[in-house]
Each structure stands twice: as structure tokens, then as C-alpha cells.
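What follows is one structure encoded as C-alpha cells, with my remarks underneath.
The values are calculated or read from the model by the stated rules, or taken from the named source; none is laboratory data. Predicted model only: the values in this text are computed from it and were never measured. Neighbour counts are summed over all protein chains in view; Cβ atoms, including those assigned to glycine, are modelled from backbone coordinates with ideal geometry. These area figures cover heavy atoms from the full protein model, side chains too; ligands, DNA and RNA do not enter into them. Shrake-Rupley method; radii C 1.70, N 1.55, O 1.52, S 1.80 Å.
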Amino acid sequence: MTGGTKRILDWVGYAGIAVLFAGALLPFLGRAEWYGARWWVVGVGVVLVLVSLGGRWEDVRAFFGHRTARYGVNTAVMVLILIGIIGLVEAVSYRHNTRFDLTESKRH
């Protein structure tokens, strides 16, 4: 891959990140008619980022080949699993809440 192609892919990735950021800010701008366009903007941003990463697949693959990157991804996955379990427990406990009165006089 030539230097010019890598440079274009870099700029496509930067544009994708900017479009994703704009999509995240769109609901806070206060216009109701823009809410429907938000998902289109986010979709375009995701496509741009994926095109940039897909064009530089060798670099991405080499990055994740390092031991520290593998450990970092493993840690991130474990944190997401833990957050999911905590969210599931919270959802179940919100629906099925039970109180126990453990005081001696049973006043509470």
C-alpha cells in the first residue's frame, strides 16, 4: 500500500470519528426533526471508520498480535461481561424486590 493510500485511509477514519461525534451531539441540539437523521449519521460514521480499518487491516492485525493488546482486549471483555452481569442482577432485583425485617421488635 502506498503512502498516499494510507494517508487517505487515515483521513477517512478521522472523518468517521468526527461524524460519530456529531451523531452523538445531535440529540442535544434540541431540534426534533434531526432526531431521525441521527441514526443515519451514526451509520455513516461507523461505515467510514470500518472502511479505514479495513483498508489498514495488516496494521490492525499486527497491533492485536502484541501480548499487551491481547491482554487489554481480554480485560475489556471481562469488564463488559461484569457490567452485563451487574445490570442483569439489578434488573431482576428491581422487579422482584423483597424486604426482610431483621430487627428484634419487627418494627421496620
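Over the chain, what is the relative contact order in whole percent, taking alpha-carbon pairs under 8 Å and six or more residues apart?
Details: 57 pairs, mean separation 26.5, N = 108.
So the answer I get is 25 percent.
Give me the dipole magnitude in Debye, nearest 20, for the chain about the Cα centre, with unit charges on the beta carbon: positive for Lys and Arg, negative for Asp and Glu.
Once rounded to the nearest 20, the dipole reads 80 debye.
Please go through the range 40-108 and write out the chymotrypsin sites (Phe, Trp or Tyr not before Pro) that DSSP classes as loop and that have at most 12 other C-beta atoms within 10 Å.
Passing both the DSSP loop test and the Cβ count: F100.
Given a 1.4 angstrom probe, I'd like the percentage of the accessible area of the range 1-105 that is carbon and sulfur, rounded to a whole number.
69
What accessible area per residue, rounded to a whole number of Å², is obtained for the chain using a probe radius of 1.4 Å?
87
For a bin width of 10 Å, list the pair-distance distribution of the chain built from all Cα-Cα distances, rounded to whole %.
For the chain, the binned pair fractions read 12, 19, 26, 21, 9, 7, 4, 1, 0 percent.
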